[in-house]
Number of protein chains: 2
Amino acid sequence: MSIKAYRTLQQVEVIVGYKTYIDLVAELVKGKEVISSGMMKEVDRCQKAIEIALQKRSVAVISSGDPGIYGMAGVVLELALKMGVQEAIDIEIIPGITSANAAAASLGAPLMHDFAVISLSDLLTPWKTIVQRLEYAAQGDFVTVLYNPVSKKRTEQIKEAQRIFLKYKPGNTPVGIVRNAKRGNEEVTVSTLAEFLKHPIDMFTVVLIGNNRTFSSAELMITPRGYSL
Amino acid sequence: MSIKAYRTLQQVEVIVGYKTYIDLVAELVKGKEVISSGMMKEVDRCQKAIEIALQKRSVAVISSGDPGIYGMAGVVLELALKMGVQEAIDIEIIPGITSANAAAASLGAPLMHDFAVISLSDLLTPWKTIVQRLEYAAQGDFVTVLYNPVSKKRTEQIKEAQRIFLKYKPGNTPVGIVRNAKRGNEEVTVSTLAEFLKHPIDMFTVVLIGNNRTFSSAELMITPRGYSL
């Protein structure tokens, strides 16, 4: 967590967030008003936060990772614009460390070169759009970070992603799998494009597929930046 | 800066880094041994840091943003592998907040959906490879973050990037320009794909090009995640 995020959570009167994320900052939340609810209630929570801010109370909406990467920043701003209150309240987005950055640090240095981040969740995005992006990311030889690779109901998409990448890349392309990146109970695996589905992958996991220069060594995954060493 | 990075800089005996970045953490560096040098000496600096670690002294190599995104993490790990000392020293990569995250937070919420990060620097990468990635990022409708868009000697590449994106995207696609993202003297501009080159862009700037749903409003740049509001 950034120093700025930490200090902000210390200072605000009310903290709003998904229960799992509130639990991750339990120490900071003590004694504060907390508005928590389950998954799929994102919009309701952000609306409540805006209503609290309109009462001139200070409130923080928390996301995991970075609120600006597939997080709550967009919902808060869109709602404030829709309600016509974006000038009446002072909204600040505090950047954080998203799973791509956290997982990369645990794998070594896979993101030393151009990369793409793609969510495999088709709840809010047509699967056809996601497939097209996978095709372009693979052809463009981007190091590719897959968010939400698997959920209880979504198990086939990661197999399709593997199939697409194997059209353009050799089976020995390094693939990193990181579960609970930098959350204390982290699990890190370095595998290959041909083999990585043999390892457990769930909704707390991100998957990183190397580019054509990425190599693995000593359980590290490294994409050379191109310096002569 | 993350709490972890801050505490690490407090604890180590020696800090190694490019002078400009050392100056950004002047407070933390006071009283410590500092090994600093200009640009283009990255490999030398990392080698020195490894030699210090081999003497059982604690040393931090600093990068701006996130050392794992186009930063020094890769050089340190590659050198340690090449020298055969990766097991003799304990190397930890501490993730940070890269320009993409920082700039996104200042623009509003442009990275709520799949995105690509591309460096326009052709010092270490053939320009042909960069052009191909720009083509695929534009066709894949990724929100695209351009690092190193311009330098003193590199002024044409950003024009070529604009030309490529205009082949696939309308001229009114929002483009965000952020200089010195979250460094205190930040400058934020929201423009369009057709017009953004009228604004000053230099090596301290990142440029974010929206996807086909990104909109701008009240000087914000927002890519909807897709929730119904």
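Quick one: putting +1 on the C-beta of Lys and Arg, -1 on the C-beta of Asp and Glu, what dipole do you get for chain A around its Cα centre, in Debye to the nearest 20?
Roughly 280 debye for chain A.
Which three lengths, in whole Å and largest first, does segment B:3-82 cover when its Cα atoms are put on their principal axes?
Per principal axis, max minus min of the Cα coordinates gives 33, 27, 23 Å.
What FRET efficiency comes out for B:Asp23 versus A:Lys41 if R0 is 35 angstrom and r is the Cβ-Cβ distance? Round to the nearest 0.05.
E(calc), rounded to 0.05, equals 0.20.
Using Cα pairs closer than 8 Å and at least 6 residues apart in sequence, work out the relative contact order for segment B:3-82, in percent.
Reported as a whole number, the value is 33 percent.
By the scheme Lys and Arg +1, Asp and Glu -1, what is the net charge of all other residues having a beta-carbon under 13 Å from that of B:Val131?
-1
Calculate, for B:Tyr227 and B:Glu160, the FRET efficiency according to 1/(1 + (r/R0)^6) with r their C-beta to C-beta distance and R0 60 Å; round to the nearest 0.05.
0.95
Would you mind checking the tilt of helix B:157-168 against the longest principal axis of the Cα atoms of chain B, expressed as 0 to 90 degrees and rounded to 10?
With both axes taken from Cα atoms, the answer is about 40 degrees.
222 nm [θ] for chain B, helices only, -39500 (n - 2.57) per DSSP H run of 4+, per residue, to 500?
Only helices count here, giving -9500 deg cm²/dmol.
Past the 26 angstrom mark, what percentage of all C-alpha to C-alpha distances in chain B do you count?
Value for chain B: 43 percent of Cα pairs lie more than 26 Å apart.
Per residue of B:74-83, what is the mean number of Cβ atoms on other protein chains within 10 angstrom of that residue's Cβ?
Numbers: counts 13, 7, 2, 9, 12, 2, 2, 7, 1, 1.
Across the residues of B:74-83, the mean count of other-chain Cβ atoms within 10 Å is 6.
Out of the GluC sites (Glu not before Pro) in segment B:180-229, which ones are loop residues according to DSSP with at most 12 other C-beta atoms within 10 Å?
Here the GluC sites (Glu not before Pro) that fit, given the DSSP loop and packing criteria, are B:Glu195, B:Glu219.
Among B:Ala80, A:Ala109, A:Leu146, flag the residue with its Cα farthest along the positive direction of the charge dipole of the protein assembly as shown, charges on Cβ as +1 for Lys/Arg and -1 for Asp/Glu.
Working it through, the farthest residue towards the positive pole turns out to be A:Leu146.
Please give the contour-minus-distance gain from A:Glu186 to A:Phe215: 0.36 nm per residue of separation, less the Cα-Cα distance, rounded to one decimal in nm.
Extending this stretch completely gives an extra 8.3 nm.
Output the relative contact order of chain B, whole-number percent, from Cα pairs under 8 angstrom with separation of 6+ residues.
With pairs under 8 Å counted, the relative contact order is 17 percent.
Can you pull the mean other chain C-beta count within 10 Å for peptide B:118-125?
For this peptide, the per-residue mean of nearby foreign Cβ atoms is 3.
By the scheme Lys and Arg +1, Asp and Glu -1, what is the net charge of all other residues having a beta-carbon under 13 Å from that of A:Phe142?
-1
Please give the net charge around A:Ala194, taking every other residue with its beta carbon less than 14 angstrom from that of A:Ala194, where Lys and Arg add +1 and Asp and Glu add -1.
+4
For B:Arg183, A:Arg45, which order do you get if you count the other beta carbons within 10 Å of each Cβ and list the fewest first?
B:Arg183, A:Arg45
With a cut-off of 8 Å between alpha carbons and a minimum separation of six or more residues, what is the relative contact order of segment A:99-222 in percent?
33
Could you sort A:116-124, A:168-176 so that the peptide with the highest average Cβ count within 10 Å comes first and the rest follow in order?
Highest-to-lowest ranking by the protection proxy: A:116-124, A:168-176.
A 18 angstrom limit on the alpha carbon distance is what I want to check against. Which of A:Lys19/A:Lys48; A:Lys19/A:Lys41; B:Lys19/B:Lys48; B:Lys4/B:Lys56; A:Lys182/B:Lys182 exceed it? Mind showing how you got there, number by number?
Working: A:Lys19/A:Lys48 15 Å; A:Lys19/A:Lys41 11 Å; B:Lys19/B:Lys48 15 Å; B:Lys4/B:Lys56 21 Å; A:Lys182/B:Lys182 23 Å.
Correct reply: B:Lys4/B:Lys56; A:Lys182/B:Lys182.
For the peptides A:127-138, A:71-82, what is the packing order when you average, over each peptide's residues, the other Cβ atoms within 10 Å and list the highest mean first? Could you put the intermediate results ahead of the total?
On the way: A:127-138: 19.6, A:71-82: 23.2.
Ranking the peptides A:127-138, A:71-82 by packing returns A:71-82, A:127-138.
Relative to the longest principal Cα axis of chain A, at what angle does helix A:73-82 sit, 0 to 90 degrees, rounded to 10?
Orientation of helix A:73-82: about 50 degrees from the principal axis.
Report, in degrees rounded to the nearest 10, the 0 to 90 angle that the Cα long axis of helix B:42-54 makes with the longest principal axis of chain B.
With both axes taken from Cα atoms, the answer is about 40 degrees.
Read-outs: derived from the displayed coordinates by stated rules, not from any lab. Everything numeric here is computed off the predicted structure, so don't read it as measured data. Virtual Cβ from ideal backbone geometry, glycine too; neighbours counted across all protein chains shown.
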